[in-house]
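Input: a single structure, listed below in structure tokens.
The values are calculated or read from the model by the stated rules, or taken from the named source; none is laboratory data. The shown structure was predicted, so the numbers you read here are calculated from the model rather than taken from an experiment. Here the Cβ positions follow ideal geometry from the backbone for every residue, glycine too, while neighbour counts run over all protein chains shown. Note: accessible area is taken over every heavy atom of the protein model, side chains too, but ligands, DNA and RNA are not part of it. Shrake-Rupley method; radii C 1.70, N 1.55, O 1.52, S 1.80 Å.
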Amino acid sequence: MLQVPETPCLVVDVAKVRENVRRMQQQVEACGCRLRPHVKTHKMPFFARMQLEAGAAGITCAKVSEAEVMAQGGVKDIFIAYPMVGEFRIRRALALQRQVDRLILAVDSWEGAQRLSQAAVDANTVLEVRLEVDTGAKRTGIPRERLVELGKAVHSLPGLRLTGIYTFKSLVLHDAPTQDNAAAAQEEGELMASLAEQLRQAGIPLEDVSAGSTPTGLLVAQTGLVNEVRPGTYIFADWMLTKENCARLEDIAVRLYATVVSTPEAGYAVLDGGTKTFPTDSPLDTAPGFYPGYAIPLGADGLPDENLQLRRMNEEHGIVTAKNGRTGLQVGQVVELLPIHVCTAVNNFNHVFLWEDGELLQMPVAARGMLV
């Protein structure tokens, strides 16, 4: 276990990150597909530049404020994969467009497209946009049966240049959750290729068909039916990805560390990190992941400790319990844990520690809290 300077903290193994980045880039390129990774996982220009230097075509962001941070960090090709709704977002996107070489915005409604069009006309510019389509996740995205109608309408608007479609599908098959990554990816590729062809037949010259989060990203690229994929979590990996059959334990490049501050009874110990440290967005004991706690405690061998569980937390207290009634933890002891969902874990910290060449370097999470 590393000797960390403070707790709670998150440590990133840079060598593992570089290997994760290299492997995904090479595998996607081998399919003749472009990789446009989502930076919501790391939220740091340092890692975005690493992905670009490895060959990524550009990056994907969730919000315009996140994209602004990446642009300030030297990134020049950005797709904001989120409905550009709200005058405040549109205004900032127009300013951002002047700072980068390529900015792609997202629409999934006629109302949003009209407002974006009017803003572009008023600013005497043309905005590149993609249509988001729902392929089963039931999140944002126009329903498939209405895509062509909306596509033709957006294509006719002044100030907008419709160049592609995109989707977030994750592990969904026939509009329901699945654990069959390959089947979900095949369906994703076929749906997107079919929808793109429908738009082209309607007279819309699409350039890009973008799909694939980490659970299906590489597999969708291998179908040959899309020309871009946007995985994000692969760069760090987490326990969730191991349960989704797309990462190994040894691929996980991040560790959480917390100190035992109290052991009132043999059966439980209190850590110095609670809900403000460990993400709670993954429900426990629920299919398909059946997560046993909000993070996975590791033993001295670096493997999951089957006895310890982190199942109860307050803001600043994490309660580790023991299946056998004895945690074996002592006051002052540092506990190493794996995050269930690393994206939300990173966003809990103002800075992380990078572990590389035997040294720990503190780095700010520059886009932390960038929610606009």
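Reported count of residues in the stretch 337-356, each being in a loop (DSSP other than H, G, I, E, B) and either touching a helix residue (DSSP H, G or I) at 6+ places or on another chain (Cβ under 8 Å) or surrounded by 15 or more Cβ atoms within 10 Å (Cβ to Cβ) (or both), is 5. Picking from residues in the stretch 69-88 that are open to solvent by 40 Å² or more (accessible area, probe 1.4 Å) and in a helix (DSSP H, G or I), the one that is farthest from Asn20 (Cα to Cα) is Glu87.
Residues of the stretch 34-55 that are open to solvent by less than 10 Å² (accessible area, probe 1.4 Å) and outside any helix (DSSP H, G or I): Leu35, Arg36, Pro37, Val39, Thr41, His42, Met44.
Residue count for the stretch 163-194 satisfying the condition of being within 30 Å of Ala120 (Cα to Cα), open to solvent by 10 Å² or more (accessible area, probe 1.4 Å) and aliphatic (A, V, I, L, M): 1. Assess whether Glu359 counts as being closer than 18 Å to Leu2 by Cα, at pLDDT 95 or above, of a type outside the set (A, V, I, L, M) and buried (at least 20 other Cβ atoms within 10 Å of the Cβ). Against the criterion (closer than 18 Å to Leu2 by Cα, at pLDDT 95 or above, of a type outside the set (A, V, I, L, M) and buried (at least 20 other Cβ atoms within 10 Å of the Cβ)), Glu359 does not qualify. Glu265 meets all of the listed conditions (1) open to solvent by 10 Å² or more (accessible area, probe 1.4 Å); (2) touching a helix residue (DSSP H, G or I) at 6+ places or on another chain (Cβ under 9 Å) but one, namely (2). Among the criteria (1) under 21 Å from Val220 (Cα atoms); (2) part of a strand (DSSP E or B), the one Val12 does not fulfil is (1). Screening Val28, Val4 for residues that are more than 18 Å from the chain's Cα centre (by Cα), surrounded by 18 or more Cβ atoms within 10 Å (Cβ to Cβ), more than 18 Å from His341 (Cβ to Cβ) and aliphatic (A, V, I, L, M) leaves exactly one candidate, Val4. The set of residues from the stretch 129-140 being in contact with a helix residue (DSSP H, G or I) (Cβ under 9 Å, 6 or more places away or on another chain) and closer than 26 Å to Asp101 by Cα comprises Val129, Leu131, Val133. Taking the condition farther than 26 Å from Glu244 by Cα, free of Cβ contacts under 8 Å to residues at least 12 places away in the same chain and of a type outside the set (Val, Ile, Thr), does Gly369 pass? The answer is no for Gly369. Checking each residue of the stretch 41-55 against the condition of being modelled with pLDDT of 95 or more, among the aliphatic types (A, V, I, L, M) and in contact with a Leu (Cβ under 6 Å, 6 or more places away or on another chain) gives no match.
Among the criteria (1) under 30 Å from Ala295 (Cβ atoms); (2) assigned to a helix (DSSP H, G or I), the one Ala113 does not fulfil is (1). On the stretch given as the stretch 116-138, residues that are in a helix (DSSP H, G or I) and open to solvent by 80 Å² or more (accessible area, probe 1.4 Å) total 2.
When Ala287 is tested against (1) modelled with pLDDT under 95; (2) more than 29 Å from Leu191 (Cβ to Cβ), only condition (2) is not met.
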